[in-house]
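Comments concern the structure below.
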C-alpha cells in the first residue's frame, strides 16, 4: 500500500511539474509571438504613414501587395514556402536584384529564374515559370510570382525597398 501511495505522489508531482513547465513555455512562446506580431504591425503602420514604396507578403492569404504609403498599387496571388520550408515572418529590405539567376538548394536546381529580388539571405521574390500553383504554398521559402507580375515588381521596386512578411 505504501508503494502505491508513493507512486501516486510521484505521479502527481511529475504531472504538476510538467504542467508548470508547459505553461511557462507556452506563455513564453505566446508572448514572443505576440511581440513579433506587434513589431510587424508597427512597421506596417509606419510604412503606411510614409510615402515610401514597400511590399507586403501575406502568408495566410498567399497575396503580395505593392504599396506606396497607404495606397495599394499592385496586388498578386503568390506561392510562398510550404510547411517543411516556410517563408520567414519579419521585416526586411530588398538586398539585391537580378534579371535572371540560377537557384539551387536541397532538392532543386533551377536555371534562369527571372526577376529575382533577394530580401532575406537566400529568400527572394521572383518569377516562377515552372509551376502554375499560385495561391498554394509550394516553394522552398521564396515568394513565387507569375513571370509577368514579377517583371512589374522588379521594375517598380529598388534595392532598399521594405518587404514585410506577415500572416
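Using alpha-carbon positions, what is the distance between the centroids of region 151-165 and region 67-115, in Å?
10
Taking neighbour Cβ counts within 10 Å as the exposure measure, how do 155, 46 sort from fewest upward? Please report the intermediate quantities before stating the final value.
Working: 155 10, 46 13.
Ascending number of Cβ neighbours within 10 Å: 155, 46.
For region 51-166, report the translational diffusion coefficient in µm²/s to the nearest whole number, using Stokes-Einstein at 4 °C, 1.567 mPa s, and a Kirkwood Rh over Cα pairs.
In µm²/s, the coefficient is 94.
Going by C-beta contacts inside 10 Å, put 147, 138 in order with the fewest on the left.
Neighbour counts put them in this order, fewest first: 147, 138.
Modelling each spin label as a point 7 Å along the Cα-to-Cβ direction, I'd like the residue 72/residue 93 distance in nm, to one decimal.
Result: 2.7 nm between the two label points.
Note the full-extension length gain between residue 136 and residue 83 as 0.36 nm times their separation in residues minus their Cα-Cα distance, in nm to one decimal.
Additional length available on full extension: 18.0 nm.
Taking every Cα atom in region 48-93, find the radius of gyration and the maximum pairwise distance Dmax, and write them in Å.
11.7, 36
Just for region 96-160, what percent of DSSP beta bridges are antiparallel, to the closest 5?
Numbers: 11 of 14 bridges.
The antiparallel proportion sits near 80 percent.
Using a Förster distance of 45 angstrom, determine the FRET efficiency expected from the C-beta separation of residue 38 and residue 112, and round it to 0.05.
0.65
Read-outs throughout are calculated quantities, based only on the coordinates presented, and are distinct from any laboratory measurement. Note that the coordinates shown come from a computational prediction; the quantities given were computed from them, not determined experimentally. Here Cβ is always computed from backbone atoms with ideal geometry, including for glycine, and neighbour counts include all displayed protein chains.
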